[in-house]
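K.L.:
Have a look at this one before I ask anything.
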Amino acid sequence: MTAPGFENPTQEHPFAPFVRILGKGKSGSRSLSRSEARAAFGMILRGEVEAVQVGAFLMLLRVKEETGEELAGFVDACRDEMAAPDAALRADLDWSSYAGKKHQHPWFILSLLLLAGAGHRVLVHGADGHTPERLYTEPALRELGLPVAANWSEAGAQLDSSNFSYLPLRHFCQPLHELIQLRPLLGLRSPVNTLTRMLNPLRAPASIQSIFHPAYASLHQAADLLLGQPRALVFKGDSGEVELKPQADTRLHLLAGSQSTELLVPRVMHGRVESVAQPAVAPLRALWRGTCEDAYGTGAVLGTAALALILLRPELEPGAAHELAQSLWQQRDTTRLA
């Protein structure tokens with residue numbers, strides 16, 4: 001991330017113009033073009049930038065608020081610099097998982113199993129450790145004995161054998177992983193937390209993303225449109241993860257080609273839902289095996305799976321997608337979890 005100490009104060013650093021574009025004041029500053037964003041972020045990923053410049057760049061973007069063009073350029077740079085997968089490796093659905101669960105158990109993992117069991121190849125990518133007191137996807141999957149890959153070759157083998165693989169960001173773009181870990185140091189989320197959700201490293205035709213704030217939906221769609229994403233679904237999920245909240249009306253932002261559509265999924269639970277004391281995977285195992293019932297968990301699993309099915313199978317209306325999710329649940333292999 002950081003180049004050797006800059007030793008010539010009489011000569012402007014090559015990255016300085018990008019900081020100046022963003023920080024020249026109300027009348028002088030502007031957003032980066034897509035090509036500028038690609039060039040700037042590429043320098044950061046290659047370690048050609050000083051640490052102080054990285055902090056300034058990310059926080060200026062945070063204050064200004066990133067644009068769809070900037071995010072598309074950042075994703076371009078990440079795809080340029082990341083470890084490239086084999087050209088034959090493919091997935092049907094790209095699922096980003098970077099937030100971690102704070103208030104509820106990670107029920108969406110069971111939704112992933114339903115989709116994989118239905119024959120859909122799902123690649124999940126994410127990072128952990130950057131926000132205290134959250135349960136991240138990688139340790140949850142490991143505890144459940146589910147596939148976690150160390151490289152693209154393993155991810156491909158797991159997708160071939162079980163239609164599911166989780167590949168940590170550090171294994172295909174280590175510099176970007178390091179940037180995410182800056183959150184405790186900076187005290188704020190940065191555009192990195194947004195752009196990681198759009199990486200879609202296998203260029204899957206369908207991409208599902210969760211946002212923290214509803215206003216980010218249009219930003220995600222603008223970037224996805226520029227990136228040529230065929231189908232993408234964005235919604236506000238629980239704790240920022242791709243998981244429907246059964247106790248809330250959920251607005252879906254669906255992008256199909258250049259066509260944007262909004263759908264409203266009504267809540268299936270009414271009244272206040274208390275947070276769990278500590279997110280864990282034991283309740284997932286019990287619900288999957290049928291040894292206990294959990295109305296919230298079942299609602300989250302089926303609802304989340306239905307959202308993904310709307311994305312994967314364009315012919316399905318929301319009601320039909322939910323019925324299919326229920327059918328997949330009834331037919332699940334209850335011995336699948338360790």
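The values are calculated or read from the model by the stated rules, or taken from the named source; none is laboratory data. This one's a predicted model, so the numbers in the text were calculated from it and none came from an experiment. Here Cβ is always computed from backbone atoms with ideal geometry, including for glycine, and neighbour counts include all displayed protein chains.
K.L.:
Got a sec? Which of LEU263, LEU244, LEU252, LEU311 is on the phi < 0 side of the Ramachandran plot, part of a loop (DSSP other than H, G, I, E, B) and of a type outside the set (Asp, Glu)? Write out each step before concluding.
P.N.:
Details: LEU263 fails: part of a loop (DSSP other than H, G, I, E, B); LEU252 fails: part of a loop (DSSP other than H, G, I, E, B); LEU311 fails: part of a loop (DSSP other than H, G, I, E, B).
Just a single option satisfies the conditions, and that option is LEU244.
K.L.:
Go over the candidates ALA217, ALA256, ALA282, ALA248 one by one and state the one that is more than 28 Å from LEU337 (Cα to Cα), without any contact (Cβ under 8 Å) to a residue 24 or more places away in the chain and in the same structural domain as LEU113 (by TED's automatic domain parsing). Break it down stepwise before answering.
P.N.:
Values: ALA217 fails: without any contact (Cβ under 8 Å) to a residue 24 or more places away in the chain; ALA256 fails: without any contact (Cβ under 8 Å) to a residue 24 or more places away in the chain; ALA282 fails: more than 28 Å from LEU337 (Cα to Cα).
Sole residue among the options that is more than 28 Å from LEU337 (Cα to Cα), without any contact (Cβ under 8 Å) to a residue 24 or more places away in the chain and in the same structural domain as LEU113 (by TED's automatic domain parsing): ALA248.
K.L.:
Out of all the residues in segment 128-172, which are small (Gly, Ala, Ser) and at pLDDT 95 or above? If you could, list the steps in order and put the result at the bottom.
P.N.:
The first filter runs over segment 128-172 and keeps only residues small (Gly, Ala, Ser), leaving 129, 140, 145, 149-150, 153, 155-157, 161-162, 165.
Answer for segment 128-172, where residues must be small (Gly, Ala, Ser) and at pLDDT 95 or above: ALA140, GLY145, ALA149, ALA150, SER153, ALA155, GLY156, ALA157, SER161, SER162, SER165.
K.L.:
Cβ-Cβ under 9 Å, sequence separation 6+ or interchain: first residue in segment 19-31 and at negative phi, partner in a loop (DSSP other than H, G, I, E, B) and among the hydroxyl-bearing types (Ser, Thr, Tyr). Which pairs?
P.N.:
Sorted first by the residue in segment 19-31, then by its partner, the pairs are ARG20/SER29; ILE21/SER29; ILE21/SER31; LEU22/SER29; LEU22/SER31; GLY23/SER29; SER31/THR67.
K.L.:
Something else: Does ARG189 qualify as being part of a loop (DSSP other than H, G, I, E, B) and either in the same structural domain as VAL54 (by TED's automatic domain parsing) or under 18 Å from TYR136 (Cβ atoms) (or both)? Spell out the reasoning first.
P.N.:
Details: part of a loop (DSSP other than H, G, I, E, B): yes; either in the same structural domain as VAL54 (by TED's automatic domain parsing) or under 18 Å from TYR136 (Cβ atoms) (or both): yes.
When the stated conditions are applied, ARG189 passes them.
K.L.:
Given the criterion crowded, with 16+ Cβ neighbours inside 10 Å and touching a strand residue (DSSP E or B) at 6+ places or on another chain (Cβ under 6 Å), identify the matching residue among LEU324, LEU287, LEU312, LEU264.
P.N.:
Values: LEU324 fails: touching a strand residue (DSSP E or B) at 6+ places or on another chain (Cβ under 6 Å); LEU287 fails: touching a strand residue (DSSP E or B) at 6+ places or on another chain (Cβ under 6 Å); LEU264 fails: crowded, with 16+ Cβ neighbours inside 10 Å.
Result: LEU312 is the single residue among LEU324, LEU287, LEU312, LEU264 that is crowded, with 16+ Cβ neighbours inside 10 Å and touching a strand residue (DSSP E or B) at 6+ places or on another chain (Cβ under 6 Å).
K.L.:
Of all residues in segment 209-235 being of a type in the set (Gly, Ala, Ser) and part of a loop (DSSP other than H, G, I, E, B), which is farthest from ALA72 (Cα to Cα)?
P.N.:
ALA215
K.L.:
For the condition of a type in the set (Asp, Glu) and touching a helix residue (DSSP H, G or I) at 6+ places or on another chain (Cβ under 6 Å), what is the one hit in GLU262, GLU243? Don't jump to the end; show me each part of the working.
P.N.:
Values: GLU262 fails: touching a helix residue (DSSP H, G or I) at 6+ places or on another chain (Cβ under 6 Å).
Criteria check complete, one pass: GLU243.
K.L.:
For ARG197, are the conditions met, namely being closer than 14 Å to CYS78 by Cβ and among the charged types (D, E, K, R)?
P.N.:
Working: closer than 14 Å to CYS78 by Cβ: yes; among the charged types (D, E, K, R): yes.
Yes, satisfied.
K.L.:
Could you list, in sequence order, all residues of segment 216-231 that are farther than 16 Å from LEU264 by Cα and of a type in the set (A, V, I, L, M)?
P.N.:
Once the filter is applied, which keeps residues that are farther than 16 Å from LEU264 by Cα and of a type in the set (A, V, I, L, M), segment 216-231 yields LEU219, ALA222, ALA223, LEU225, LEU226, LEU227.
K.L.:
Let me ask something additional. Of the residues in segment 138-151, how many are among the hydrophobic types (A, V, I, L, M, F, W, C) and over 18 Å from the mean Cα position of the chain (by Cα)?
P.N.:
Keep residues of segment 138-151 that are among the hydrophobic types (A, V, I, L, M, F, W, C), which gives 140-141, 144, 146, 148-150.
Next, only the ones that are over 18 Å from the mean Cα position of the chain (by Cα) stay: 144, 146, 150.
The total comes to 3.
K.L.:
I'm checking my understanding of the structure. Among residues of segment 317-338 that are modelled with pLDDT under 95 and hydrophobic (A, V, I, L, M, F, W, C), which one is nearest to VAL124 (Cα to Cα)?
P.N.:
LEU337
K.L.:
Being among the aliphatic types (A, V, I, L, M), at pLDDT 95 or above, assigned to a helix (DSSP H, G or I) and surrounded by 15 or more Cβ atoms within 10 Å (Cβ to Cβ), is that true of even one residue in segment 268-280?
P.N.:
No, segment 268-280 has no match at all.
K.L.:
Here's another thing I want to ask about it. Would you confirm whether any residue within segment 196-208 is closer than 19 Å to MET59 by Cβ, at pLDDT 95 or above and in a helix (DSSP H, G or I)?
P.N.:
Within segment 196-208, the subset closer than 19 Å to MET59 by Cβ is 196.
From the residues that got through so far, the ones that are at pLDDT 95 or above too are 196.
Add one more test, that the residue is in a helix (DSSP H, G or I), and what stays is 196.
Taking every residue of segment 196-208 in turn, at least one turns out to be closer than 19 Å to MET59 by Cβ, at pLDDT 95 or above and in a helix (DSSP H, G or I).
K.L.:
Turning to a different aspect of this structure: Quick check on segment 113-137: of everything there that is more than 14 Å from the chain's Cα centre (by Cα) and part of a helix (DSSP H, G or I), which residue is surrounded by the fewest Cβ atoms within 10 Å (Cβ to Cβ)? Walk me through it before giving the result.
P.N.:
Step one: filter segment 113-137 for residues more than 14 Å from the chain's Cα centre (by Cα), giving 113-121, 129-135.
Next, from what is left, pick out any that are part of a helix (DSSP H, G or I): 113-117.
Working: LEU113: 26, LEU114: 25, LEU115: 23, ALA116: 22, GLY117: 17.
Among them, the one singled out is GLY117.
K.L.:
Then there is this: Can you go through VAL234, VAL192 and tell me which one is within 27 Å of THR298 (Cβ to Cβ), crowded, with 20+ Cβ neighbours inside 10 Å and of a type in the set (Val, Ile, Thr)? Give the derivation first.
P.N.:
On the way: VAL192 fails: within 27 Å of THR298 (Cβ to Cβ).
Just one listed residue meets the conditions, VAL234.
K.L.:
Still on this structure: List every residue pair whose Cβ atoms lie under 7 Å apart, where the two residues are 6 or more positions apart in sequence or sit on different chains, the first residue falls within segment 313-337 and is in contact (Cβ under 8 Å) with a residue 40 or more places away in the chain, and the second residue, located anywhere, is among the charged types (D, E, K, R) and surrounded by 12 or more Cβ atoms within 10 Å (Cβ to Cβ).
P.N.:
Close Cβ pairs satisfying both conditions: THR334/ARG289; LEU337/ARG285; LEU337/ARG289.
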